[in-house]
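Derivation of every value follows stated rules applied to the coordinates shown; laboratory data play no part. Source: prediction; values computed, not measured. Cβ sites come from the backbone with ideal geometry, for glycine too, and all protein chains shown count toward neighbours.
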Amino acid sequence: MTRLTTFFVDHAVFVVAFLCLAIGCTTSNDIPPVPRPPITGVFTSTELQELLREWDAADGESVSIVSDRLAFFLAANPRQFYAGMDRHRPQFDRWLRLLGGTTLTVFGRSCIDRRCLRERMIQSVEQNPASRPAQEDLRSRVLKVLHETEVRTVD
């Protein structure tokens, strides 16, 4: 084969492979998402205890920062979140009451995709029931607030 023929054959194979991948990507939206297991090893009870200590001391902008960290904790390891918050009901009540004005509000430019975080939190809570009946109340309250509260933007 000449160099020109080899060039066209090689690029034709590349184009066909690319089209096959592209077609596969467009049809992959029909496949249901695979549930993600809770992340372990990072979001531990010790870390939650530290977050709750910071939450108790937070004021001003730090309230929003700690609220975001608690939201990420919930999304990553909801069962550990329920268990820890079950022992700290006043902190849980305050976090849940302020969630719409902290984590679920975009203030100007935000480096967090808060809509995506909200959806991930909903998905995690829906897919991970509480380990104990006493914790189911926490789970259902979080889910109710998340479903009823849309992310809003404040300039």
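Only sites in a loop by DSSP and with at most 11 other Cβ atoms within 10 Å count here; which trypsin sites (Lys or Arg not before Pro) in the stretch 99-155 make the cut?
Arg109
Based on the alpha-carbon gyration tensor of the stretch 45-154 and its eigenvalue square roots a ≥ b ≥ c, which shape applies: rounded if a/c is under 1.5, prolate if not and a/b is larger than b/c, or oblate?
Oblate is the answer for the stretch 45-154, as a/c is 1.5 or above yet b/c matches or exceeds a/b.
Hey, what's the Cα Rg ratio for the stretch 100-154 versus the globular rule of thumb, 2.2 N^0.38 Å?
In units of the globular-protein estimate, the stretch 100-154 measures up at 1.25.
With a cut-off of at most 12 other beta carbons within 10 Å, and DSSP calling the residue loop, which GluC sites (Glu not before Pro) in the stretch 69-155 qualify? Please list them.
Glu150
With 10 angstrom as the radius, rank Cys111, Cys116 by how many other C-beta atoms surround their C-beta, starting from the fewest. Write out the running numbers ahead of the final one.
Numbers: Cys111 4, Cys116 11.
Placing the least packed residue first, the sequence is Cys111, Cys116.
Highest mean first, what order results for 81-94, 53-66 on Cβ atoms within 10 Å?
81-94, 53-66
Treat the count of other C-beta atoms within 10 Å as a stand-in for reagent exposure and order Val106, Val142 from fewest to most.
Ranking Val106, Val142 by Cβ neighbours within 10 Å, fewest first, gives Val106, Val142.
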